[in-house]
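Read through the structure below, which is laid out as structure tokens, and then see the notes.
The values are calculated or read from the model by the stated rules, or taken from the named source; none is laboratory data. Not measured: the values here are computed from a predicted model. As a convention, Cβ positions derive from the backbone with ideal geometry for all residues, glycine included, and neighbour counts pool all protein chains shown. Remember, those area values only see protein heavy atoms, side chains included, never the ligands or the DNA or RNA. Shrake-Rupley method; radii C 1.70, N 1.55, O 1.52, S 1.80 Å.
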Amino acid sequence: MDFTLYLKQQEMRQKTIAGYTAVINEFIQWRDALPDQSEIVTQLLILEYKSYLKTIRKNHPKSINRKLAALRKWIQYLQATGKLKEVIAVKDEALADIERWKDPKFLDKNEIRDIRKGLEKEPSDFLRNRDRCMIYLMLYLGLRQEEMLNLELADIIRTPGKQKVIIREGKGGFYGELALESAELRGAIDQWIVERAKSRFADSPYLFVSRKSAHAGKRAAVKMIQRVCKTSGVQFTCHQLRHTFAKRIIDETGNIKKAQELLRHKHTSSTEIYTRHRKEELNEVLRKLDDVM
């Protein structure tokens, strides 16, 4: 069994598998360039590689930690397959809180208003209704781009007393159900479903189809964002729509546990980034010191 198959058996996402494999190939290439090196991996090699990443490659600690996560999983694989018997500790680089979390970028009310107006400028009924539905699912329910694209018609429940969106397999393989409480979102879904019924791919199981395919993919999402950025004058990404949803939940409820459930985060620490002071706010404190010192 090779490393890739080992990761697949653990139900890791293809993107993660590709990233981990690239890191291990990089590590092996570095290791093989060392003189008189015959061991697969040792504790000393791990320490030397961390030093190499810091001092020679000048990697940021967060980049180093991503690579160490791949090495940690590779060592588990080597031990599970009997290729390594030594116990090796792979410790992350320490980070201050201000560096540990990347500031999420939110959209303010004016930007959201401009995006909504920009959506209505699209002349194609098909694209306008689909773009609106895509964006509203991310903005009003916090869906990730991949979750939104993988929705099927059967995942949209619109029966009396039971209106919800089902996430069959979110990040980490988690199942989730989110109530369709937003009238704006319900309207956007209804308009798209009416328009979708006119498509030659109306029989597709997927909620989002394109004009050339029975399943709209990442390319369709990229083009959608490009269109709306142009018509609205607002530069944004799919994930910023999710960040905006998260920030609104925190601001409205002040309850991190509720936000965690709605965002479908496994750990509270993932949700805490929306409660921290933004770096710009902290920088402003430092700028004002000239006036008080």
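Just a few scattered comments:
- In the complete set of protein chains, residue-level accessible area for Glu252 is approximately 150 Å², probe 1.4 angstrom.
- Per-residue accessible area (protein heavy atoms, 1.4 Å probe) orders Tyr206, Tyr49 as Tyr206, Tyr49, starting from the largest.
- Gain upon complete extension [Lys212, Leu47; 0.36 nm per residue less C-alpha separation]: 54.3 nm
- For segment 1-113, the carbon plus sulfur part of the accessible surface works out to 52%, probe radius 1.4 Å.
- Cβ-placed point charges (K, R +1; D, E -1), dipole of segment 1-90 about Cα centre in debye, nearest 20: 540
- Along segment 71-76 the Karplus relation, 6.51 cos²θ - 1.76 cosθ + 1.60 evaluated at θ = phi - 60°, assigns HN-Hα couplings of 4, 4, 5, 5, 5, 4 Hz to successive residues, with x for each Gly and Pro.
- Inter-label distance, Lys105 to Ala89: 3.9 nm, where each label sits 7 Å from its Cα along the C-beta direction.
- In this label model, Ile56 and Thr16 are separated by 3.0 nm, measuring between points 7 Å along each Cα→Cβ vector.
- Between Gln235 and Gln29, the contour length at 0.36 nm per residue exceeds the alpha carbon distance by 70.2 nm.
- 18 Å reach of a label modelled at Gln9, 7 Å along Cα-to-Cβ, counting backbone N of segment 17-45: 17-18, 21
- Long-range HN-HN contacts of Gln163 with modeled amide H, under 5 Å: Leu180
- Remark: segment 55-66, residue by residue, has Karplus-estimated 3J(HN,Hα) of 8, 9, 7, 6, 5, 5, x, 5, 5, 4, 5, 5 Hz, where x stands for each Gly or Pro and the curve is 6.51 cos²θ - 1.76 cosθ + 1.60 at θ = phi - 60°.
- Normalised per residue, the accessible area of segment 1-159 is 55 Å², obtained with a 1.4 Å probe and no contribution from ligands, DNA or RNA.
- Stretched out straight at 0.36 nm per residue, the stretch from Ser182 to Arg72 would grow longer than its current Cα-Cα span by 35.3 nm.
- Built amide H within the under 5 Å cut-off of Glu152, gap 5+: Leu207
- Estimated FRET transfer efficiency (Leu153, Asp36; beta-carbon r; R0 51 Å; 0.05): 0.25
- Rolling a 1.4 Å probe over the protein heavy atoms leaves Ile56 with an accessible area of roughly 120 Å².
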